[in-house]
1. Of the residues that make up region 1-8, is at least one in contact (Cβ under 8 Å) with a residue 40 or more places away in the chain and at positive phi?
2. Between Lys150, Lys168, which is surrounded by fewer than 21 Cβ atoms within 10 Å (Cβ to Cβ), over 23 Å from Leu43 (Cβ atoms) and without any contact (Cβ under 8 Å) to a residue 12 or more places away in the chain?
3. Given the criteria of a type in the set (Gly, Ala, Ser), over 23 Å from Ala141 (Cβ atoms), within 33 Å of the chain's Cα centre (by Cα) and at pLDDT 95 or above, does Ser79 qualify?
4. What's the number of the only condition in (1) open to solvent by 50 Å² or more (accessible area, probe 1.4 Å); (2) assigned to a loop (DSSP other than H, G, I, E, B) that Arg134 fails to meet?
5. I'm checking my understanding of the structure. Among residues of region 202-234 that are in contact with an Asp or Glu (Cβ under 9 Å, 6 or more places away or on another chain) and under 21 Å from Glu282 (Cβ atoms), which one is most open to solvent (accessible area, probe 1.4 Å)?
6. Could you list all residues from region 14-63 that are among the acidic types (Asp, Glu), surrounded by 15 or more Cβ atoms within 10 Å (Cβ to Cβ) and within 19 Å of Arg129 (Cβ to Cβ)?
7. State the number of residues belonging to region 252-290 that are within 17 Å of the chain's Cα centre (by Cα) and of a type outside the set (Lys, Arg).
8. Condition first: of a type in the set (A, V, I, L, M), open to solvent by less than 40 Å² (accessible area, probe 1.4 Å), assigned to a loop (DSSP other than H, G, I, E, B) and modelled with pLDDT of 95 or more. Can you find one or more residues in region 250-259 that meet it?
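The values are calculated or read from the model by the stated rules, or taken from the named source; none is laboratory data. Owing to the predicted nature of the structure, the values given are computational and were not obtained by experimental measurement. Every residue, glycine among them, receives a Cβ derived from its backbone with ideal geometry; neighbour counts consider all protein chains shown. Surface accessibility is based on the protein's heavy atoms, side chains included, excluding ligands, DNA and RNA. Shrake-Rupley method; radii C 1.70, N 1.55, O 1.52, S 1.80 Å.
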Amino acid sequence: MSIIDLWLSKQTILCSFATNFLMIHPEHASLYVVGGIVRDLLLGIDNTSKDIDLMVEQSTEEALVHSLESLRKKKKIRSFMKVGKSFPVFKIRFINYPWDIDLALARKEVSTGIGHRDFNIDAHNISAREDAARRDFTVNALFLRLYLTKNNLHWELIDLYGGLRDLKHMYLRTVGPPEERFFEDPLRMLRALRFVHQKGFSLDTELNAVIKSRALDWIPTVSNDRIQEEFIKTMAVDLKRAYTDYVQLNLLKSCFPNLLEYLPKDSDRIPENCTSKEGFAEELVFPSLLIPWVCERSFKPKEGTLKKIESVLREYHIPNPKKIRAILSIFCTLNTRFDTPYPLSLQEKCLESPYGPQIQALHRLFGSLISLVPLSQLQLNPPKISGSQFLDWGFEPKKGLEEIILKAREMQLAGVVDEDLILSKIGRAHV
């Protein structure tokens, strides 16, 4: 049994819907499974994703609505609703099944300008071949045709642009000339890099050359939201390798020109083990890329600079810019703790902050690369002296009290447990 047969055997709702749909829809209007799920299945990945995309060729919106309404009346589906704004896509819901299936008409697109927003779209009686011609890469233009023989559901693989050959060699090529495909939607340049790092593809030579020569002109036409999402997903797979590719292909300066002064010029200052296989998370991408910058400043950036970085991150719609600034600030505090009389209590404070897990992960990742002082192994710690205790001792709640509390905690972490001794060493000169 092939992996596609095995997958279909698990998709009882899909197969039931396809059978019922094909029984009533015009015979010439074939039904296909499309999208990345077909590619992944052929790569040997039994994709358990609930996102299933279907496509009907040689049909119209009116015919599709008529068939879906008929299935709804027969209670073969629970409901359906049109969700596509520019072209007909229907979200189909089922009885006693929590996930939807998307059903779209085959369509062709004619670019009228740079960027994915500038298209004339035709979804009236369009063939599968015409639909495949608008796809980005050959490996994403592989379709699974579903058909009936004596009311039994069967499938056949449709490969119109050499996707199987490219899949066999893990080669990423565009459907048609790469310059045309990237002009239509420059985000495809970033998608290509994500496929390289997520799936293990190699870039076609011509595709590689077009990215390098056109990125600076075309990427700025893409929305910041789409750019940062693709960038973060790609970097989280393998930060060092992905960053190298972005630099070499002019993608980094195309995506974030106002952030370049804070980012590494190359990947030499990025650790090897920032990979998803080793637990590297998307939330660590930008902190990891900014740590070399604060390290070059001995973890003492000029006042207000971190706020400026936060502002630039907001400009590019990077998620959680305030959190990134806080992580960088705490990381700086952690790595300048020995410049103070209370390194142990500062370490404890940094690691107990809301971002302690991220701080610890970053310290582990960058420890040997930039020669960070190892974290101290703190012993079983006595309970902290409360702020109210300091007030009872006669300390006033004013500037300087936090430093007194840190000094007291430092003595505790160094092994002093007698509170009277701690008080005497702090001295009533502070009262």
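1. no
2. Only one candidate qualifies: Lys150.
3. Yes, satisfied.
4. So the condition that Arg134 fails would be (1).
5. Among them, the one singled out is Lys233.
6. Answer for region 14-63, where residues must be among the acidic types (Asp, Glu), surrounded by 15 or more Cβ atoms within 10 Å (Cβ to Cβ) and within 19 Å of Arg129 (Cβ to Cβ): Asp53, Glu57.
7. 18
8. No, that holds for no residue.
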